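Step one of this worksheet: look at the structure below.
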Amino acid sequence: MSEQSAGLPFKTSAVTAANRSREHVLVAVLGMATALLILPLLAIIGLLVVKGFPALSLEFLFSAPAAGMTAGGIFPAIIGTLWLVGVSLLVAAPIGVLAGIYLNEYAGDTWVTRIIHLAIVNLAGVPSIVHALFGVGAFVLFLGLGTSILAASLTLAVMTLPVIIASTKEALASVPMPFRRACWVLGATRWQTIRYVVLPNSISGILTGVILQVSRAAGETAPIMFTGAAFYLPFLPQSVWDQCMALSMHLFTVSTQVPNVPEPIPYATALVLLGLVLGVNLASIIFRSYLRSHRKW
Amino acid sequence: MNRLSKRVAANARTRSGTALEPVIEWIIRVCGFSAIFFVFAIFLFVFTSGADFILHRLDAGEFLLSTEWYPSSIANKRYGTLALFVGTVSVTALAMLIAVPFGLGAAVFISEFTSGKLKESLKIVVELLAAIPSVVWGFIGIAIMNPLIIILFGAPIGLNVLNGGIILGLMSVPIIVSIGEDALKAVPDSYREASLALGATRWQSTYKVLFPAARSGLLAAVLLGVGRAVGETIAVLMATGHAVQIPHSVLDSVRTLTATIAAELGETARGSDHYQALFAIGVLLFALTFVVNLTADLLVRGTRDE
């Protein structure tokens with residue numbers, strides 16, 4: 001047998017008992033590797049819940065930090081995160097969705113499109129602290145926005161743009177080509193086709209990407225550190241020109257910058273942040289799988 | 001789109017296009033190019049913010065090859081980033097030592113040995129793992145890993161290469177799993193069928209057929225994991241300690257390139273040499289991740305073209 005198998009990458013007598021038991025071992029090892037990845041997720045969530053939940057109360061959620069951050073709650077940080085996420089969404093969503101429309105509906109397969117694609121990949125890969133430097137250089141100083149919610153949100157918007165572009169493109173690509181052809185044959189222009197046929201059939205997929213952007217923006221710390229988020233503010237932000245506190249920044253502060261913080265405070269803060277981010281993410285995943293199972297074509 | 005439908009579209013435009021349409025299409029086009037604009041803008045602003053120092057007073061040899069980072073010394077300021085670079089490399093290397101076997105193993109398991117509900121659930125878990133904010137990982141490094149490492153290894157301080165490496169490894173795994181899974185999925189089923197029909201076991205087909213076929217995609221997955229680890233800021237700032245030094249063991253404390261910017265930017269005077277040197281590190285980081293991401297993208301594209 002073995003002389004006949006010279007050209008093959010494996011022995012022809014492969015399915016033997018020994019090989020089969022070796023395969024069982026392999027599957028077990030690979031399965032263990034996968035299980036070991038799930039373990040930290042469960043352990044982290046479990047630990048944060050166990051240690052943070054007792055400190056979690058309505059009072060914690062709705063009161064300001066007190067006694068130099070060693071007491072009180074996280075209300076201003078929650079409000080600040082909502083401001084940052086909201087404003088960055090207002091900027092990133094339209095640009096990102098339109099960019100996705102351009103890439104899927106207008107751009108041909110040319111070198112320009114390739115460069116745009118490369119730029120998106122690189123924009124997604126730029127380290128968050130370099131985004132922070134960009135935010136300081138461009139928004140805080142050059143545009144003169146100062147350290148403000150607006151500057152921080154713009155930084156977040158640039159950073160999360162690739163998320164929206166990629167998912168918009170994917171949502172548009174799932175609309176079958178015959179839909180467009182039918183519309184063109186009826187005499188509609190390209191934009192009319194997009195507006196009345198493509199977008200209505202992909203809007204929920206686009207929304208999924210927008211939701212993902214929210215979860216990403218809410219968790220970031222480095223890009224907002226020097227552009228608009230403050231360690232502590234005695235007042236709530238009134239406009240986009242104010243600075244604000246943020247959940248992620250607050251977790252960083254209470255776990256590294258302030259001495260003698262009672263243990264439950266950072267745990268509870270981490271639990272709220274993780275709950276927010278994973279909750280939004282899970283919502284997007286559930287929404288997406290619901291869409292896939294209810295697609296009409 | 002074929003030529004016929006293009007002609008139909010062109011016909012339609014002349015008949016019923018609204019006056020607003022050119023404006024809308026122009027806005028869409030501008031937004032389409034936004035990614036290019038922002039990548040250029042990032043490089044431009046980070047570079048120009050440090051340009052005066054980078055072009056006139058920065059000794060490139062010292063910047064890249066000296067381990068002496070004394071930006072706030074009064075008598076003898078030094079801007080050598082080698083120790084920081086080695087800090088980044090050591091933490092990243094340790095992270096990859098953990099993330100690559102686990103990540104690729106999980107990618108193979110999810111892609112080849114699961115199906116249906118189990119596959120979907122595992123992919124969701126990977127997605128959720130990727131969504132955990134880096135500040136939460138950093139907090140886990142401080143609050144959980146740190147005491148654990150002190151107990152297990154008797155390290156004098158828990159904030160060290162080991163701690164940062166494990167945290168970064170866990171953070172890089174999801175990207176390796178999802179890109180690796182994509183690469184394996186892209187291998188045509190006929191390869192698997194042919195290999196199994198020849199009498200190979202599933203392990204043999206995975207190892208001898210799938211791995212070579214998905215090679216560049218798997219390499220791209222690892223590279224993107226490296227990119228993520230090199231660029232990560234807050235988690236390593238919190239988990240690796242603050243000593244600017246070349247580490248001699250995994251229990252030494254180090255400082256990475258990213259963490260240095262995050263730790264010092266707030267304390268420097270705007271426009272000072274120190275401030276501009278931090279932007280120079282930013283340029284270095286931008287260049288590093290640019291090369292890594294570009295290579296990964298070319299590899300992924302290479303597989304797709306085959």
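Just so it is clear, none of the values below were taken in a lab; they were calculated from the coordinates. No experiment lies behind these values; they were computed from the predicted model shown. Here the Cβ is made from the backbone with ideal geometry for all residues, glycine too, and neighbour counts use every protein chain on show.
For chain A, what does -39500 (n - 2.57) per DSSP helix run (n ≥ 4), summed and divided by total residues, give at 222 nm, in deg cm²/dmol to the nearest 500?
On the way: 12 runs with 189 residues, N = 297.
Calculated from helices alone, the mean residue ellipticity at 222 nm is -21000 deg cm²/dmol.
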Query raised in the report: Within 10 Å of each Cβ of B:194-202, how many other protein chain Cβ atoms are there on average?
Result: 5
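Which of the residue pairs A:Lys51/B:Lys117; A:Lys169/B:Lys117; A:Lys169/B:Lys123 have a Cα-Cα distance greater than 30 Å in the structure shown? Intermediate values should be presented prior to the final figure.
Values: A:Lys51/B:Lys117 32 Å; A:Lys169/B:Lys117 26 Å; A:Lys169/B:Lys123 21 Å.
With Cα atoms farther than 30 Å apart: A:Lys51/B:Lys117.
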Query raised in the report: How large are Rg and Dmax for chain B when only the alpha carbon atoms are used, in Å?
Result: 24.3, 79
Requested in this report: Assign unit charges at the C-beta atoms only (+1 for Lys and Arg, -1 for Asp and Glu), then state the dipole size of chain A relative to its Cα centre in Debye, rounded to the nearest 20.
Outcome: 1040
Query raised in the report: Which number comes out as Rg/Rh for region A:203-290 once both Rg and the Kirkwood Rh are worked out on C-alpha atoms?
Result: 1.05
**Report entry** Residue-averaged 222 nm ellipticity for chain B, from DSSP H runs of 4+ at -39500 (n - 2.57), nearest 500
**Finding:** -23000 deg cm²/dmol
Report summary line: Checked region A:18-135 against the a/c 1.5 cut and the a/b vs b/c comparison, axes a ≥ b ≥ c from its Cα gyration tensor; verdict oblate
Query raised in the report: What are the extents of the Cα atoms of the protein assembly as shown along their three principal axes, listed from largest to smallest and rounded to whole Å?
Result: 74, 71, 56
Report summary line: Log10 I(q)/I(0) at q = 0.08 Å⁻¹ for chain A, from Debye over equal alpha-carbon scatterers, is -0.52
Query - Gap separating the Cα centres of region A:230-286 and region B:12-82, nearest whole Å - result: 29
Report summary line: Note, region A:63-75: 3J(HN,Hα) by Karplus (6.51, -1.76, 1.60, θ = phi - 60°), whole Hz, Gly/Pro = x, goes 10, 7, x, 9, 6, x, 6, 8, 8, x, x, 10, 3
Query raised in the report: When the Cα atoms of region A:122-280 are enclosed in a convex hull and the volume is divided per residue, what value in Å³ results?
Result: 145
Query - Quarter of the Cα convex hull surface for region B:161-238, i.e. its orientation-mean projected area (nm²) - result: 5.7
**Report entry** Residue-by-residue Karplus 3J(HN,Hα) for region B:283-290, coefficients 6.51, -1.76, 1.60, Hz, glycine and proline x
**Finding:** 4, 4, 5, 4, 4, 4, 5, 4
**Report entry** Residue-averaged beta-carbon neighbours from other chains (10 angstrom radius) around B:261-268
**Finding:** 3
Query raised in the report: Using modelled amide H (1.01 Å from N, peptide plane; none on Pro or chain starts), what sits under 5 Å from the amide H of B:Arg78, excluding residues fewer than 5 places away?
Result: B:Tyr70, B:Ser73
Query raised in the report: What's the average, rounded to a whole number, of partner chain beta-carbon atoms within 10 Å of each residue's beta-carbon in A:26-33?
Result: 6
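May I ask you to give the average projected area over all directions of the convex hull of the Cα atoms of region A:89-148, in nm² rounded to one decimal?
Working: hull surface 20.6 nm².
Mean projected area for region A:89-148: 5.1 nm², to one decimal.
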Report task. Provide the per-residue ³J(HN,Hα) series for region B:116-121, in order, calculated from phi with Karplus coefficients 6.51, -1.76, 1.60 and θ = phi - 60°, each as a whole number of Hz, with x at glycine and proline positions. Result -> x, 4, 4, 4, 4, 5
Query raised in the report: Listed highest first by mean packing, meaning other Cβ atoms within 10 Å per residue, what order do A:115-124, B:244-253, A:22-31 come in?
Result: A:115-124, B:244-253, A:22-31
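Using per-residue counts of other Cβ atoms within 10 Å, averaged over each peptide, order A:196-205, A:240-249 from highest down. Spell out each step's value before the answer.
Working: A:196-205: 16.6, A:240-249: 24.6.
In decreasing order of mean packing, A:196-205, A:240-249 become A:240-249, A:196-205.
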Report task. Can you find, among A:Cys244, A:Leu84, A:Ile194, the residue farthest towards the positive end of the dipole of chain A? Put +1 on the C-beta of Lys and Arg, -1 on that of Asp and Glu. Result -> A:Ile194
Query - aspartates and glutamates whose Cα lies under 19 Å from that of B:Lys77, excluding same-chain neighbours fewer than 8 positions away - result: B:Asp52, B:Asp59, B:Glu62, B:Glu68, B:Glu264, B:Glu267, B:Asp273
Query raised in the report: Relative contact order (percent) for region B:83-305, with alpha-carbon contacts under 8 angstrom and 6 or more residues of separation?
Result: 30
Query - Reachable aspartates and glutamates, given that their alpha-carbon falls under 20 Å from the alpha-carbon of B:Lys185 and they are not under 8 places away in the same chain - result: A:Glu170, B:Glu112, B:Glu120, B:Glu127, B:Glu193, B:Asp297, B:Asp305, B:Glu306
